[in-house]
Amino acid sequence: MPDSVATREPSEQVGADGQTAAVERVDLDVTGMTCAACARRIERALARQPGVHRAGVNFATSRATVEYDAGATDRSHLVETIKDVGYGTTETPRADSATQDAAPAPVQDAGQAALAAEYTELRKKFLIAAVLSLPVLVIAMSHGRIGLFNFAGVNYLQLALTTPVVFYCGAQFYRGAWAALRHRAADMNTLIATGTGAAYLYSVAATLAPNFFAAATPRGSMIGMGGMSDAASNIAAGAMPPVYFEAAGVIIALILLGRMLEARARGKTGDAIRRLLGLQPKRARVVRAGVEADVPVEEVVAGDTVVVRPGEKIAVDGVVLEGASAVDESMLTGESMPVEKQIGDGVFGATINKTGSFRFRATKVGKDTALRQIVRLVEEAQGSKAPIAHMADVVSGIFTPIVICIAIATFVVWFVAAPTDARFTLALVNFVSVLIIACPCALGLATPTAILVGTGRGAQSGVLIKGGEALETAHKLDTIVLDKTGTLTRGRPALTDVIAIDDSTSEDELLRLAASAEWGSEHPVGSAIVRGAQARGLTTFAKTARFDAVAGHGVEAEVEGRRVLLGNAALMREHGVALEGFEERAARLAAEGKTPIYLAVDDRLAGLVAVADEIKPESKAAVESLKRMGLEVVMMTGDNRRTADAVARAVGISRVLAEVLPEGKADEIKRLQREGRRVGMVGDGINDAPALAQANLGISIGTGTDVAIEASDVTLVGGDLAGVVAAISLSRATIRTIRQNLFWAFVYNVVGIPVAAGALYPFTGWLLSPVIASAAMSLSSVSVVANSLRLRGWRAPLA
């Protein structure tokens with residue numbers, strides 16, 4: 001049995017007695033599950049254990065996720081609970097918490113090895129079943145009319161060929177059915193075991209004790225397999241009763257084929273995580289004791305100085321110390337354009353250095369890197385369930401007993417209503433067909449496979465969706481509230497205008513004096529003026545002999561022997577500087593959402609400079625895309641009304657909530673919800689966290705604070721607002737795929753069961769062969785997985 005992969009993450013929870021209890025989260029790989037009913041049975045058994053707060057089992061990923069009180073139970077007890085229910089797992093811990101720093105890669109290898117082992121085992125059993133069942137099928141289809149198969153011991157030959165198929169290739173179905181029976185439950189294994197077992201046991205009895213059975217040839221024809229409509233062993237004189245060895249053997253072979261294809265397809269659903277993990281470099285070049293040395297990436301520790309050369313992958317997260325370069329961060333953000341990096345900028349592990357070389361200080365290593373956090377979020381999302389999944393789970397859980405009742409009723413009706421010479425044959429054939437075609441595999445796979453692929457595809461595009469519930473909620477939104485600072489804008493002021501009062505002083509000279517006065521200032525406005533001057537090629541600034549910051553007004557400095565005043569109108573008036581009609585120009589700048597700053601030299605007005613929180617280039621296009629998707633876009637900010645209106649006009653937003661205090665943002669979200677709206681909130685700051693948590697869906701900008709990211713349901717790895725468009729588009733595509741899967745899975749059973757029960761026989765004389773029923777059942781499961789895999793081709797819409 002393949003090793004399980006377990007993850008434990010300790011936390012704390014306050015119990016009913018007021019004491020703080022240690023709560024751990026464990027992920028266990030489960031083997032032997034065949035349908036959603038299996039998952040529900042394990043889920044219920046785990047949930048009943050003392051100390052378990054939450055238990056969820058994902059059929060598509062074959063993983064159980066349990067949150068439990070470490071003082072009341074432990075992982076080994078949970079493993080034993082799963083085994084007691086009749087399924088397999090082991091206690092092998094996953095290197096994702098305490099040991100993850102040392103060896104993250106083998107865990108993924110173990111997961112892939114388990115998938116490969118499952119596929120290999122199913123492939124071997126299918127090939128054996130196919131080789132042995134093919135001659136039996138040919139004999140059945142010959143109806144005894146081909147001389148080669150017209151001999152007295154032909155039934156014994158079929159028995160010899162079919163027995164290994166049933167007891168070796170199909171053993172897993174019978175073991176699963178017995179485990180379910182011991183727990184007074186029924187699942188897909190029950191249906192397969194009952195159907196094939198009935199056909200096999202009847203055929204064995206008819207072969208070994210033919211005198212107890214009357215030879216019969218049922219009237220009518222069978223859909224697909226003529227061999228089921230005549231007595232396969234009605235040889236020569238017709239003394240032998242009919243046998244259905246081919247039904248047992250071929251059904252097992254076809255179901256194994258479906259399982260094999262399904263296992264192969266499900267293996268592809270985890271490609272996103274495997275690709276992400278594969279991006280991490282294996283080695284890093286660190287400087288220790290003044291010497292550069294190549295070390296395994298697992299040995300890099302926080303504080304190390306790491307050297308990166310052109311074309312190399314960055315090993316871990318850190319901050320640039322020396323040098324500059326452009327870095328391809330597309331694996332994190334989905335953005336194809338390289339990002340310029342300079343001293344003080346952050347860099348992320350697994351991204352690719354393009355041009356220059358630089359050194360950086362490692363700040364986050366191992367499980368703390370952005371890449372590993374992304375993998376953790378995606379795994380948690382793939383292990384969760386969307387509300388839409390609960391309907392399918394409930395139906396799958398109660399479906400099997402209902403189907404068994406329908407099959408028994410079908411047998412009774414046919415046995416009573418059919419002609420005496422054919423009633424048992426017709427009753428058995430239809431009984432087996434109903435059991436086989438009704439297996440609820442497709443229902444169980446409909447939701448988790450789509451969530452698995454959808455969340456993985458989102459991660460590749462820089463959209464981290466924290467769970468199936470968030471994925472489903474996103475497609476229901478009708479209102480998007482955007483924070484201004486850091487979301488629509490860059491979040492820091494930038495120089496926008498330089499206006500000289502006359503030709504006596506050029507704009508460059510004006511800006512040089514302003515930057516010289518602000519040089520070394522920590523004020524955001526002063527830093528913006530200095531950066532703006534540097535961007536215009538002014539790199540040489542004069543030294544200041546004196547610098548005074550006037551709180552709330554501006555600065556006063558002595559530059560090259562001249563007195564320089566830089567600030568608002570109040571500062572100018574205080575020093576008797578005549579504004580000479582420039583108030584109107586300053587008012588126009590303010591109306592545009594900019595902050596005007598007067599510059600005076602030796603108590604004479606020299607000009608104006610203006611700074612503003614720059615609007616991100618993609619904001620306008622993203623807002624337009626959200627509107628095209630039918631969403632109302634609202635801007636909410638604590639900034640003043642005039643600035644807020646200016647930014648809203650620039651990006652095309654008509655509804656503005658301005659001058660909202662941090663504690664009032666959540667109240668504004670509540671007010672929108674009371675209007676009957678489903679609200680998505682997009683923000684990046686600590687003050688946005690309550691609103692993000694209050695909204696139906698919180699979307700945080702990945703460049704924002706950790707608090708905002710933790711409070712949100714969706715995280716955009718980059719700072720691009722187009723990620724909001726991508727998140728909602730991906731949600732809609734995933735939910736659309738889930739609905740398609742559920743529709744076809746339900747339709748398949750609604751149509752298939754009556755046909756298998758013989759509903760068409762009175763009108764057409766057609767009956768459904770159990771062999772065709774098993775092929776249809778396998779095809780339905782594979783088609784659901786294949787439909788989900790189409791999401792791998794999803795592309796984020798252009799904003």
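Annotations
- Filtering the range 657-674 to residues that are open to solvent by less than 10 Å² (accessible area, probe 1.4 Å) and either over 21 Å from ASP613 (Cβ atoms) or of a type in the set (Asp, Glu) (or both) leaves ILE669, LEU672.
- Consider the range 491-510 and keep the residues that are of a type outside the set (Ser, Thr, Tyr) and farther than 30 Å from GLY638 by Cα. The one that is least open to solvent (accessible area, probe 1.4 Å) is LEU510.
- Some residue of the range 754-774 being on the phi < 0 side of the Ramachandran plot, in contact with a Pro (Cβ under 7 Å, 6 or more places away or on another chain) and part of a helix (DSSP H, G or I): no
- The range 629-656, residues that are open to solvent by less than 20 Å² (accessible area, probe 1.4 Å) and not β-branched (Val, Ile, Thr): LEU631, MET635, MET636, ALA644, ALA646, ALA648
- Number of positions in the range 169-183 that are farther than 17 Å from LEU122 by Cβ, open to solvent by 50 Å² or more (accessible area, probe 1.4 Å) and at pLDDT 75 or above: 3
- Conditions (1) modelled with pLDDT under 80; (2) surrounded by 24 or more Cβ atoms within 10 Å (Cβ to Cβ); (3) within 30 Å of ASP688 (Cα to Cα); number of the one not met by ALA727: (1)
- Hits in the range 690-719 (condition: in a helix (DSSP H, G or I) and either in contact with a Pro (Cβ under 8 Å, 6 or more places away or on another chain) or modelled with pLDDT of 70 or more (or both)): PRO690, ALA691, LEU692, ALA693, GLN694, ALA711
- Exclusive hit being closer than 26 Å to ALA722 by Cα, modelled with pLDDT of 85 or more and touching a strand residue (DSSP E or B) at 6+ places or on another chain (Cβ under 8 Å), set GLY346, GLY334: GLY346
- Residue check, ARG457 more than 24 Å from THR190 (Cα to Cα), more than 31 Å from the chain's Cα centre (by Cα), among the basic types (Lys, Arg) and open to solvent by 10 Å² or more (accessible area, probe 1.4 Å): no
The values are calculated or read from the model by the stated rules, or taken from the named source; none is laboratory data. Predicted model, so just to flag it, every value in this text is computed and none were measured. Backbone-built Cβ (ideal geometry, glycine too); neighbour counts: all protein chains shown. Side chains included, ligands, DNA and RNA excluded: accessible areas come from the protein's heavy atoms. Shrake-Rupley method; radii C 1.70, N 1.55, O 1.52, S 1.80 Å.
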